[in-house]
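Notes to accompany the following structure.
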Amino acid sequence: MEKELVLVLDFGGQYNQLIARRVRECNVYCEVVPYTMSLNEIKAKNPKGIIFTGGPNSVYAEESASYVKEIFEIGIPILGICYGSQLMAHKLGGKVATAPVSEYGKTEVAINTSSKLFTGVSSSTSTWMSHTDYIETAPQGFAVTASTPVCPVAAMENADKNLYAVQFHPEVMHTAEGTKMLSNFLFNICNCAGDWKMDAFVETSIQGLKEKIGTGKVLCALSGGVDSSVAAVMLSKAIGSQLTCVFVDHGLLRKNEGDEVEKVFGPSGPYDLNFIRVNAQERFYEKLAGVSEPEAKRKIIGEEFIRVFEEEAKKIGTVDYLVQGTIYPDVIESGLGKSAVIKSHHNVGGLPDYVDFKEIVEPLRNLFKDEVRKAGLELGLPDYLVYRQPFPGPGLGIRIIGDVTEEKVKIVQEADAIYREEIVKAGVDKGLGQYFAALTNMRSVGVMGDERTYDYAIALRAVNTSDFMTAEAAELPWEVIGKVTTRIVNEVKGVNRVLYDCTGKPPATIEFE
Ligand code: XMP
């Protein structure tokens with residue numbers, strides 16, 4: 001990754017991930033780093049360009065994120081966006097003030113198209129603004145290259161020093177020619193070659209991991225989900241038999257999932273992972289017996305997972321590195337040193353700190369989910385693993401309302417398998433965020449043949465979402481729901497009713513617990 005790198009210096013704005021992504025879409029490798037990174041560390045990374053992100057503060061607020069002025073003197077091109085543009089103006093002697101009129105949303109901007117940043121951009125173009133402060137006066141040596149009726153300095157530049165700034169957000173979709181502007185920055189100003197590709201990422205990462213790990217031993221908790229699978233296979237390519245992967249089957253996986261994971265990653269599969277499958281179903285069911293409260297179930301499953309993992313780690317002996325499949329969206333507080341805590345909490349339920357390891361290795365921490373998928377394909381992982389839906393760590397334990405029993409797990413596994421199969425068969429899975437069956441704790445009277453039944457109701461859930469923070473219930477075709485209903489009541493013993501969950505998030509959550 002040391003070849004051609006652009007750094008996004010994170011001042012706490014909302015769109016930082018998006019900026020990094022847009023840069024990578026231009027085939028330039030990009031990393032997001034915190035504004036607390038020292039100038040020497042930045043120089044050591046030898047970036048071709050630096051992008052200052054937006055941020056929530058005013059440059060005058062005492063607690064606001066800032067950077068030393070010397071960064072503007074090191075000769076590396078800089079593009080400041082929103083707060084980043086104001087910081088550049090403020091540090092270099094311009095004037096930042098509260099705008100008399102705030103601009104939020106779509107804003108038409110008049111552009112000086114002779115700027116290198118705006119080559120090929122229309123002289124009047126639609127941008128996305130979101131600011132209360134603005135640059136009132138550009139610093140000395142800067143030319144104003146864009147404005148709106150209420151924002152005198154919508155863009156400015158000191159072309160001799162390769163310093164550029166825009167008040168609007170070129171990274172968002174609503175800035176019609178934003179990608180053009182970013183690519184102008186990368187190619188006209190930073191002189192990037194744009195020769196980075198996902199396969200280059202995979203190769204460079206493998207090389208970097210080899211150098212970092214040397215002869216050390218590495219342990220990876222492999223769930224079979226896309227992130228940990230991609231991380232494990234990448235590690236295996238880098239260090240071969242120094243890697244051990246532990247897959248804990250807690251008995252709360254989807255139908256046949258344990259065997260499918262073992263088939264791909266176990267000794268008969270194509271990867272050299274020292275794969276250890278731990279069949280821990282019984283101990284999980286025992287611990288969960290009689291527990292109905294969802295948070296209590298989560299805690300029990302998380303804790304037991306760690307206990308199993310710890311026992312396996314002890315058998316291996318000293319481990320130097322622990323691998324986590326952390327990806328960028330997991331790094332909620334980007335670069336502020338908290339990401340490992342967030343992910344381990346989210347994914348594993350707490351880091352096994354009693355395992356003797358030197359460091360956590362997170363080879364995917366700069367990638368988005370779809371980029372991880374691309375890396376997975378590059379590494380030769382099968383499509384069905386690469387495109388899997390998210391599946392929560394506590395598994396079916398939180399898709400069964402009330403207490404968990406082996407019998408209930410079987411019911412929900414069967415119903416869920418039918419539901420997923422029919423959705424794919426009907427071709428309505430494309431674009432669906434997540435869909436699964438859950439077992440309500442409700443039993444009701446039914447009639448089957450001439451017999452009275454008193455059985456469970458299955459709930460079907462399907463949501464449209466892109467970020468999983470909010471979601472809408474999906475409008476599945478009635479014929480599909482009908483077919484799934486018929487199959488579930490006919491084929492799954494113990495079920496006589498099927499319900500469809502029409503609730504969005506909020507007020508509900510995506511999972512049904
Ligand atoms: P909720 O139910 O909170 O789910 O709306 C949002 C997304 O997160 C997934 N999820 C989890 N993933 N460990 C995980 O790795 C968990 O404990 C967990 N709980 C929920 C859920 O499947 C959905 O995609």
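The values are calculated or read from the model by the stated rules, or taken from the named source; none is laboratory data. As the structure is a prediction and not an experimental result, all values here were calculated from the model. Here Cβ is always computed from backbone atoms with ideal geometry, including for glycine, and neighbour counts include all displayed protein chains.
State which residue is farthest from the ligand (Cβ to nearest atom) when the search covers only segment 406-416 and only residues that are surrounded by fewer than 19 Cβ atoms within 10 Å (Cβ to Cβ) and in contact (Cβ under 8 Å) with a residue 24 or more places away in the chain.
Within segment 406-416, the match that is farthest from the ligand (Cβ to nearest atom) is Glu407.
Looking only at segment 182-214, which residues are out of contact with any helix residue (DSSP H, G or I) (no Cβ under 7 Å at 6 or more places or on another chain) and of a type in the set (S, T, N, Q)?
Listed by number, the residues that qualify are Ser183, Asn191, Thr204, Gln207.
Among the residues of segment 448-466, how many are in contact with a helix residue (DSSP H, G or I) (Cβ under 8 Å, 6 or more places away or on another chain) and either surrounded by fewer than 17 Cβ atoms within 10 Å (Cβ to Cβ) or of a type in the set (D, E, K, R) (or both)?
Adding up the residues that qualify gives 1.
Are any of the residues in segment 275-282 more than 28 Å from Glu513 (Cβ to Cβ) and more than 16 Å from the ligand (Cβ to nearest atom)?
Yes: segment 275-282 contains one or more residues that are more than 28 Å from Glu513 (Cβ to Cβ) and more than 16 Å from the ligand (Cβ to nearest atom).
I need the full set of residues from segment 134-158 which are surrounded by fewer than 21 Cβ atoms within 10 Å (Cβ to Cβ) and in contact (Cβ under 8 Å) with a residue 12 or more places away in the chain, in order please.
Across segment 134-158, the qualifying residues are Glu136, Thr137, Pro139, Gln140, Gly141, Ala143, Val144, Ser147, Thr148, Val150, Pro152, Asn158.
From Ala65, Ala97, Ala89, grab the single residue that is of a type in the set (Gly, Ala, Ser) and either part of a strand (DSSP E or B) or free of Cβ contacts under 8 Å to residues at least 24 places away in the same chain (or both).
When all the criteria are applied, what remains is Ala97.
Does any residue in segment 485-513 that is small (Gly, Ala, Ser) come within less than 6 Å, Cβ to Cβ, of a residue that is assigned to a helix (DSSP H, G or I) six or more places away or on a different chain, and which pairs are these?
Here the result reads Gly494/Ile411, each pair linking segment 485-513 to a residue that is assigned to a helix (DSSP H, G or I).
Go through (1) within 24 Å of Tyr104 (Cα to Cα); (2) in contact (Cβ under 8 Å) with a residue 60 or more places away in the chain one by one and return the number of the condition Pro77 breaks.
(1)
Of the residues Val291, Val323, Val261, Val278, which single one is more than 25 Å from Thr405 (Cα to Cα) and of a type in the set (A, V, I, L, M)?
Answer to the selection: Val323.
Output yes when any residue across segment 431-447 is assigned to a helix (DSSP H, G or I), surrounded by fewer than 19 Cβ atoms within 10 Å (Cβ to Cβ) and either touching a strand residue (DSSP E or B) at 6+ places or on another chain (Cβ under 8 Å) or at pLDDT 95 or above (or both), and no when none is.
No, there is no match, as no residue in segment 431-447 is assigned to a helix (DSSP H, G or I), surrounded by fewer than 19 Cβ atoms within 10 Å (Cβ to Cβ) and either touching a strand residue (DSSP E or B) at 6+ places or on another chain (Cβ under 8 Å) or at pLDDT 95 or above (or both).
If we keep just the residues of segment 373-396 that are within 14 Å of the ligand (Cβ to nearest atom) and in a helix (DSSP H, G or I), which is farthest from the chain's Cα centre (by Cα)?
For segment 373-396, the residue satisfying everything is Leu396.
Please specify each residue of segment 475-513 satisfying the condition of being assigned to a loop (DSSP other than H, G, I, E, B) and over 16 Å from Val409 (Cα atoms).
Once the filter is applied, which keeps residues that are assigned to a loop (DSSP other than H, G, I, E, B) and over 16 Å from Val409 (Cα atoms), segment 475-513 yields Glu475, Leu476, Pro477, Asp501, Cys502, Thr503, Gly504, Pro506, Pro507, Ala508, Thr509, Ile510.
Part of a strand (DSSP E or B), more than 16 Å from the ligand (Cβ to nearest atom) and modelled with pLDDT of 85 or more: does that describe Arg307?
No; evaluated as a whole, the condition is false for this residue.
Tell me the residue from Ser228, Ser205 that is under 30 Å from Glu25 (Cα atoms) and within 16 Å of the ligand (Cβ to nearest atom), please.
Going through Ser228, Ser205 in turn, just one is under 30 Å from Glu25 (Cα atoms) and within 16 Å of the ligand (Cβ to nearest atom): Ser228.
Six or more apart or on different chains, Cβ atoms under 7 Å: show the pairs whose first residue is in segment 391-405 and at negative phi and whose second is within 11 Å of the ligand (Cβ to nearest atom) and of a type in the set (Lys, Arg).
The qualifying pairs are Pro394/Lys297; Pro394/Arg298; Gly397/Lys297; Ile398/Lys297; Ile398/Arg298; Val404/Lys297.
Just checking, which of Thr486, Thr470, Thr509 is hydroxyl-bearing (Ser, Thr, Tyr), more than 16 Å from the ligand (Cβ to nearest atom) and surrounded by fewer than 17 Cβ atoms within 10 Å (Cβ to Cβ)?
Answer to the check: Thr486.
Given the options Thr485, Thr453, name the one that is within 35 Å of the chain's Cα centre (by Cα) and among the polar types (S, T, N, Q).
Matching residue, one of Thr485, Thr453: Thr485.
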